[in-house]
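Here's the structure we're looking at; comments come further down.
The values are calculated or read from the model by the stated rules, or taken from the named source; none is laboratory data. Values in this document were obtained by computation on a predicted structure and should not be read as measured data. Virtual Cβ from ideal backbone geometry, glycine too; neighbours counted across all protein chains shown. The area values use the complete protein model at the heavy-atom level, side chains included, leaving out ligands, DNA and RNA. Shrake-Rupley method; radii C 1.70, N 1.55, O 1.52, S 1.80 Å.
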Amino acid sequence: MRLILFGPPGAGKGTQAARILEHNPGVVHLSTGDMLRAAVAAGTELGKAADGYMKAGDLVPDDVVCGLIVERLASPDCEHGFLLDGFPRTLSQAESLQSELDRAKIDIDRVVVLEVADDLIVERITGRRMDPETKRIYHIKFSPAPEDVSSRLVQRADDTEDACRARLAKYHSETLPVLPFYEARNKVVRVDGVGDPAEVTSRVLSALAR
Ligand code: AMP
């Protein structure tokens, strides 16, 4: 299985990726956001270069992100399939990815678009919190953490309202224009991303089975 999970920030791509992988063992989850956050936390040169863009809600330059993904896709564990989460986010990234796939004589099976309206996105993102110990994601209103966990929850630096609106604007201007690239290749399936995560997963799985 080679999938792209597409959708605005806060659409539930990370949550759905984890759930889809429970049904598809061996498939590797490749989240450029997670890779970049790990680089920032480790203080690498790449992380230092990416940090400012991420905090401002801007996209990290294509060459940096493409370098990360191309290197990762060449790892042996990706031979059993991969799920791209948050990549590609620009047309140039989609084209770079396609040349790599063509070179390896493989292709993407599907691009799953999780559709969520902008107003709900802002509410989801600004209320999102993470447990740094388990990496579990909670929401102050929709999915509150147990009392013993809530004191240690952290908020992502780019989950403030300003950064969230900047990320949404980038999604509309840079990322949505990627979809026609995959529509022309007949890869796109659209799934309603609103509702209980388990419900959304079953919509995704039935869309993939079609
Ligand atoms: P995410 O966790 O997918 O919401 O990504 C968090 C941030 O990482 C984004 O707002 C960007 O600053 C950066 N980022 C993640 N993936 C990409 C990408 N494919 N292209 C450019 N920047 C990215």
Work out the charge dipole of the chain with +1 on the Cβ of Lys and Arg and -1 on the Cβ of Asp and Glu about the Cα centre, then indicate which of V189, A117, P144 is farthest towards its positive end.
-> V189
Rg/Rh for the chain, where both radii come from Cα atoms and Rh is the Kirkwood radius = 0.94
Subtracting the Cα-Cα distance from 0.36 nm times the residue separation, let me have the gained length for Q98 to E133 in nm, one decimal.
-> 9.0 nm
Diffusion coefficient, µm² s⁻¹, Stokes-Einstein with Kirkwood Rh over alpha-carbon pairs of the range 25-97 at 10 °C and 1.306 mPa s | 125 µm²/s
If amide H atoms are modeled at 1.01 Å from N in the peptide plane, then the residues at a separation of 5 or more from A145, or on another chain, having amide H under 5 Å from its own are H139
In square angstrom, rounded to the nearest 10, how much accessible surface does L5 have for a 1.4 Å probe?
-> 0 Å²
What pairs in K13/K55; K105/K135; K55/K135; K55/K105; K13/K105 have C-alpha atoms more than 30 Å from each other?
-> K105/K135; K55/K105
Looking only at aspartates and glutamates whose Cα falls under 13 Å of K187's and that sit 8 or more positions away or on another chain, we get D107, D109
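How high is the relative contact order of the range 2-209, in percent, with contacts defined as C-alpha pairs under 8 Å that are six or more residues apart? Write down the numbers at each step before the final one.
On the way: 287 pairs, mean separation 63.9, N = 208.
Reported relative contact order: 31 percent.
So what is the calculated 222 nm ellipticity per residue for the chain, using -39500 (n - 2.57) for each DSSP H run with n of 4 or more, over all residues, to the nearest 500 deg cm²/dmol? Present the calculation step by step, with values, prior to reporting the outcome.
On the way: 10 runs with 100 residues, N = 210.
It lands at -14000 deg cm²/dmol.
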The correct ranking of R210, R190 by accessible area at 1.4 Å, largest first, is R210, R190
